[in-house]
Each structure stands twice: as C-alpha cells, then as structure tokens.
Amino acid sequence: MRTQRPPYAQGTDGLSETKFSARFAAWLRRNILTLAVGGVLVLLLIFFSLTAEAFLTAPNILNILRQIAPTMITAVAMTFVITTSGIDLSVGSMVALSGSLLAIWAHGGMDPALALVLVLGIGFVVGLVNGWFTAYFGLPPFIVTLATLGIVRGTALLVTQGYSTPLPLGSWLTFLGQGRIANIPVPALIAVFVAGAGWFLFTQTPFGRYVVGLGSNYESLRRAGVDTKLVNLTVYVMSGLAAALSGVIITARLASGSSNAGVGFELEVITAVVLGGTSLLGGRGSMLGTVLGALVLGVIANGLILLHVSPFYVQIAQGSILLLAIFMNTRLFARFGSAMR
C-alpha cells in the first residue's frame, strides 16, 4: 500500500525556495549600494594596478591607508549624523582649529597630553553646540553647522593669524600621525578601531536602531519613549569629537598645525558616506559602505597622482562622484528596490 505525503508536507521544497528568494531579494535591496561601491573599488584597484606601476605595492597601500584615516574616522561619525537626516558642515573647520590649537599649545610648552585632551574637549563642545541648536531648538542642521563652520574657521584664523605652527621637535604627538606598529601606520590602526567601534554601535546596539529610527520615523520613536533629542544631540557630539581627532592626526602627520587645514574636508567626508549607501534623507545607513566609500576616494586620489594627473582634478572627481552617488542613492537604486518588491 502506497503511503501518501501529508498535505502539509507537499510543496515544502518550493516553499523553501520561495522564502530563500524573498530573503535574498530583501538582503539585496538593503545592500545594493554597498555591493556597488565594493565593485567600483575592485575595478579601480584593477585599473590602477595595470596603469600605475607602483600602485599595488605594500608601501603605497599603507600610504593610502594613512592618508584616508582622517576621512574614514570622521565619515564613521558622519554616518550616524546623516542617518538621522542631519548634516555636519563644520567638520573641516574643526580639523583646522583642533590641529592649530594642538600645535600652538604644545609649541608653547603645554604638556602634550593635556593639549590633546583640551582639543578633543573643544571638538566635544562644538558638537554639543551643533546638537543643542538642532535637537532642542529645532533649527535646520544645514544652517546651524554652516554657521559654526564660519565661527570655527574664523577662530582658527584668529589664533594663528594665518601662520602655521610646528610641533616641538621630538614630541611624541608626531607618533599619532607618523608612527608605525608592526609596520602598519598608527593613523590606519586608529581608523580601523574607530570603524569597528562605529560598526558595532550602529548595528549591534539599541542606540544604532534609535539613530535609524530617528531618520525614518521620528514620531513613532518619540512615542515609544525614546529620548530623541538626546540621541540627536549625541550624534553631533560624536561628529565633533571625530573631526577633532582627525585634526590631531593630520597635524601629527605634517608635524605642523595650520588654519588652512581641512578645506573641502567636509565634502570628502560626505561623499564617502553617501557613496557608501547612507541616504541623505535619513533612515538608512551602512558603516561598511562608508569605509568602502572612503577607500574609493583614497584610491582615486592616490592613483591619479601616480599617473601624474594634476591634483586639481581630484576635487573635480570628488564632486562628480558625490553627484553620481546622490543620483544612484535617490533614483537608480530606489527604483531597483521598488522593482524587486
């Protein structure tokens, strides 16, 4: 006598395949931009490896990692800000002020450790001001951070009078920008640590979920009892601290602080974040995408220099990439995601 399969067992394989397809489609929708920027990075590596003889060498790869470390550090914090549908335009000016004050105070005989703590504290205060006016007074973050951009840059020019200030010879501060551990540049190690911490905070903690919720559905998050103003304030404090740390690293690498440092830095940081798949409208972010976006910018800048292309083209390339990334973010891949639903 033939044994019949129970009704609930019929079509199990087909149901499993349907569930797998649905999960894969959902995963693809969430990660399409990250996959795209990863593919672009691979293509760039292949292109410059074939056209620039010294590109794919260990010293040059380590040099790229050292150069993009400040961008990556600030971009990690900027990912939190933009995911909340905010923006921080003051990061470039903060780089200039923190680096200038570090050099001035260290050159004037202040204990280097104290000078380092103070400039990080100033980054905290600037972030606090940005977050306070944005979160508690409801002012547009674009206007608030544009105002602090001018205030902070003007302060940097005022304290330096337009001159660069060298770090003291033999100061251990230069280790933060020029040192190596196991032959890996210290700035790269700091950037990797910050990126790892940012990834964990963004993807594995309630705070990360609150950041996404703040950008996607503010009112629901507020009604759930979350202190949305505090979350919003915190992301700007993180951005100010990250920019100050980046200024310290740049000053330590150059052994000099300058009020002209960080010009256009905010454009580079925002480009890395948006290129990595974080939506300028908020509610969607990718920490891995941000890291890949920063790597893409670093590879392009380094590759163009090795090909003896004028460095003035780097900013043109960055602006073009930002425009393309916004288009892909808001149009192309949005339609792709809708088509797969």
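Structure notes:
- Taking the protein heavy atoms of the chain in the context of the full set of protein chains, the accessible area attributed to carbon and sulfur is 68 percent at 1.4 Å.
- Across the options VAL248, LEU41, THR205, the greatest Cα extent toward the positive end of the charge dipole of the chain (unit charges at beta carbon of Lys, Arg, Asp, Glu) belongs to THR205.
- Solvent-accessible area of VAL119, all protein chains in place: 0 Å² (probe radius 1.4 Å, heavy atoms, ligands and nucleic acids excluded).
- Sparse-neighbourhood loop sites, chymotrypsin sites (Phe, Trp or Tyr not before Pro) in the stretch 75-156 - DSSP loop, at most 15 other Cβ within 10 angstrom: TYR136, PHE137
- Available extension along the chain between ARG223 and VAL263 is 10.3 nm, counting 0.36 nm per residue and deducting the alpha carbon span.
- C-alpha long axis of helix 265-275 to longest principal axis of the chain, angle in °: 10 degrees
- In degrees, nearest ten, helix 287-306 long axis to first principal axis of the chain (Cα): 50 degrees
- Estimated [θ] at 222 nm from DSSP helical runs (n ≥ 4, -39500 (n - 2.57)) normalised by residues in the chain, nearest 500: -24500 deg cm²/dmol
- Of LEU44, LEU280, LEU167, the one that fluctuates the most in a GNM where the chain has Cα springs shorter than 10 Å: LEU44
- Projecting label points 7 angstrom from Cα along Cα→Cβ for ILE46 and ILE326 puts them 3.1 nm apart.
- For the stretch 177-238, the list of chymotrypsin sites (Phe, Trp or Tyr not before Pro) that fall in a loop by DSSP and count at most 14 other C-beta atoms within 10 angstrom is empty.
- R0 of 22 Å, Cβ-Cβ distance GLN161-VAL125: FRET efficiency to nearest 0.05: 0.45
- Over the chain, accessible surface divided per residue gives 50 Å², non-protein components excluded, 1.4 Å probe.
- Candidates GLY179, GLY225, GLY264: whichever shows maximal mean-square fluctuation once the chain is modelled as a Gaussian network with Cα springs under 10 Å: GLY225
The values are calculated or read from the model by the stated rules, or taken from the named source; none is laboratory data. Keep in mind the model is a prediction, meaning the values are calculated, not measured. Cβ: placed from backbone, ideal geometry, glycine included. Neighbour counts: every protein chain shown. Accessible surface is based on the protein model in full, side chains and every heavy atom, while ligands, DNA and RNA are left aside. Shrake-Rupley method; radii C 1.70, N 1.55, O 1.52, S 1.80 Å.
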